[in-house]
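Okay, so here's the structure we're looking at.
The values are calculated or read from the model by the stated rules, or taken from the named source; none is laboratory data. These numbers were taken from a predicted model, which means no experiment stands behind them. A quick note on method: Cβ atoms are made from the backbone with ideal geometry, for glycine too, and the neighbour counts reach across all protein chains shown.
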Amino acid sequence: MKRRPINILKPLVLVIFIALIVHSSQGLAADIPSEVTLFRNVNIFDGRSDKLLMGYDVLVVKNLIKKVARNIQISDTYEIDVKTGGFKEVSSGGHTCDFMTSGSMIVTVYEPEKMIKKEVKVNIIDGKGRTLMPGLIDAHWHTMLNFWPLSKVFSADFGLLSIAAGKASRETLLRGFTTVRDAGGNVFPVKKATDAGLIDGPRIYPSGPYIGQTSGHGDFRGPNDVPENPGTPLDYMQRVGHTLIADGVPDVIKRSREILRMGASQIKAMAGGGVSSLYDPLDVTEYTFEEAKAVCDVARTWNTYVMIHANTDAAIRQWIEAGAMSVEHGFFIEEETARLMGKKSVWWSMQPMSVGDEDAFKFESPVSTAKYEQVVAGLEKVIALTRKYKVKTAFGTDMLFDPALAAKQGKFLAKMKKWYTPYEALKMATYDNAQLLKLCGPRDPYPGELGVVKEGALADLILVNGNPLQDLDLVADPEKNFIVIMKDGKIYKSTVN
């Protein structure tokens with residue numbers, strides 16, 4: 001009797017599909033956070049109050065703060081609910097083909113997702129009266145641009161740059177910054193790798209490529225790259241998504257939508273002259289009102305907002321009128337604009353930069369150095385105006401092109417004591433910054449409360465050896481003073497003894 005030929009293509013496709021499903025189910029199971037941590041006997045800075053909660057316990061279950069109370073009682077183990085993932089393995093016998101070695105195979109089928117109980121050990125940390133506070137938030141950070149000189153960044157292969165950025169992200173997290181708002185650059189691969197647990201790093205609210213005009217702050221092309229010929233390919237910085245140059249209302253609408261399509265939680269627009277760029281003097285206003293409004297209108301249709309790089313009062317005023325909600329830098333804000341910002345609840349995202357000391361930014365070009373010294377000179381005046389008109393103020397660092405400077409991220413927060421009380425500075429770097437991040441509404445990649453220690457909030461926590469409300473300088477040396485760093489319920493550092 002003639003044997004019928006076996007169609008091995010269908011079984012092969014099935015086996016490949018099954019392998020993918022099994023791999024997916026295993027990935028989901030591996031990603032379920034199950035650790036339970038109890039912080040005992042801690043004094044809590046909750047992110048909002050200027051008074052510590054003395055002698056409390058904090059219970060973290062999975063990635064949330066489950067309970068804040070005195071003398072929380074638990075057993076040696078703790079039962080928590082975990083999701084099955086909606087997969088189930090079953091055995092099906094009798095299926096054979098030329099390349100199978102047994103009479104049965106394991107297949108994976110979908111079933112309704114359900115909750116099961118899992119018993120886990122409780123990780124108990126004795127705080128011994130130390131201060132527990134929310135993880136720090138940097139509202140103006142450049143994940144891709146803080147660790148190499150400008151010339152190396154702009155000539156680097158994107159793959160190599162992303163690997164280096166991933167390494168630097170772990171260093172950011174270990175400084176206690178559990179969340180950053182990334183202010184420009186193609187940070188999406190690093191964010192995805194961090195969220196998937198492939199690398200360690202802070203939560204990232206990505207702006208993606210910043211949008212700018214020809215001869216604007218985002219135009220880093222060479223001196224001989226203009227005039228541009230029609231059909232000329234994009235330069236490398238645009239091709240890899242660090243920046244996008246757009247001119248005219250139709251073009252800025254298209255590019256803004258592309259940025260949101262990439263996954264940006266907010267749009268970063270270049271609204272005025274900058275320091276590190278060579279072809280835009282500080283005094284220029286970038287984009288016309290119609291172009292600015294087009295960018296803000298696109299963000300509004302996506303239920304998010306626009307943050308602008310700007311220094312001059314005229315540029316800031318134009319973009320506020322167009323609808324921008326966050327002003328980055330703003331070293332030349334005048335009184336009427338400060339009043340307008342307070343009235344419209346527009347945020348000022350400030351950076352405590354300095355001139356003439358060891359913490360001054362350094363640039364490869366003397367043109368940028370001169371610009372930097374000019375803008376920083378306006379900081380004192382703007383702080384006074386924003387305090388006067390109760391402008392919502394965020395803390396950021398904007399560290400660029402210098403790994404030694406990036407390592408001082410916490411020191412820059414400590415510098416805030418020159419103008420603000422320790423409480424005001426810490427509230428700004430926790431609760432206040434979190435309110436700014438949440439302006440992105442449904443584009444929020446991390447739904448849940450950040451910047452606070454309260455029941456139901458996301459478990460981003462730092463245990464500090466001392467009281468930062470009394471001594472803000474503690475945050476300047478995280479290696480010594482931050483003895484536990486937790487993000488999303490997972491401990492990344494613990495030197496408790």
By residue number, the members of the stretch 197-215 that are more than 14 Å from residue 269 (Cα to Cα) and either in contact (Cβ under 8 Å) with a residue 60 or more places away in the chain or buried (at least 22 other Cβ atoms within 10 Å of the Cβ) (or both) are 197, 200, 201, 202, 203, 204, 205
Residue pairs within 6 Å by beta carbon, gap of at least six or interchain, first lying in the stretch 30-45 and modelled with pLDDT of 95 or more, second of a type in the set (D, E, K, R) and part of a strand (DSSP E or B), listed first then second, are 40/57; 40/126
Open item on the list: Tell me whether the stretch 372-391 contains one or more residues that are in the same structural domain as residue 182 (by TED's automatic domain parsing) and under 24 Å from the mean Cα position of the chain (by Cα).
Closed with: yes
For the stretch 341-351, indicate whether the set of residues that are free of Cβ contacts under 8 Å to residues at least 40 places away in the same chain, touching a Phe, Trp or Tyr at 6+ places or on another chain (Cβ under 9 Å) and of a type in the set (Gly, Ala, Ser) is non-empty. no
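Results for (1) touching a residue at least 12 places away in the same chain (Cβ under 8 Å); (2) under 30 Å from residue 365 (Cβ atoms), shown as yes or no for each residue.
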residue: 247; (1), (2): yes, yes
residue: 250; (1), (2): no, no
residue: 260; (1), (2): yes, no
residue: 271; (1), (2): yes, yes
So, first residue on the phi < 0 side of the Ramachandran plot in the stretch 368-393, second residue acidic (Asp, Glu), Cβ within less than 6 Å, six or more apart or across chains; the pairs are 385/335
Filtering strands (runs of 3 or more DSSP E) wholly in the stretch 411-497 for at least 3 residues that are surrounded by fewer than 22 Cβ atoms within 10 Å (Cβ to Cβ) gives 490-494
*For residue 327, indicate whether it is among the aliphatic types (A, V, I, L, M) and over 20 Å from residue 390 (Cβ atoms).*
no
Notebook entry, point to check: Taking the stated definitions as given, is residue 128 outside the structural domain of residue 400 (by TED's automatic domain parsing) and either modelled with pLDDT under 95 or in contact with a strand residue (DSSP E or B) (Cβ under 9 Å, 6 or more places away or on another chain) (or both)?
Noted result: yes
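With modelled with pLDDT under 95 and over 18 Å from residue 347 (Cα atoms) as the only criterion, which of 260, 282 stands out?
Numbers: 260 fails: modelled with pLDDT under 95.
Going through 260, 282 in turn, the sole match is 282.
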Within the stretch 318-340, residues being among the aromatic types (Phe, Trp, Tyr) and in contact (Cβ under 8 Å) with a residue 60 or more places away in the chain number 0
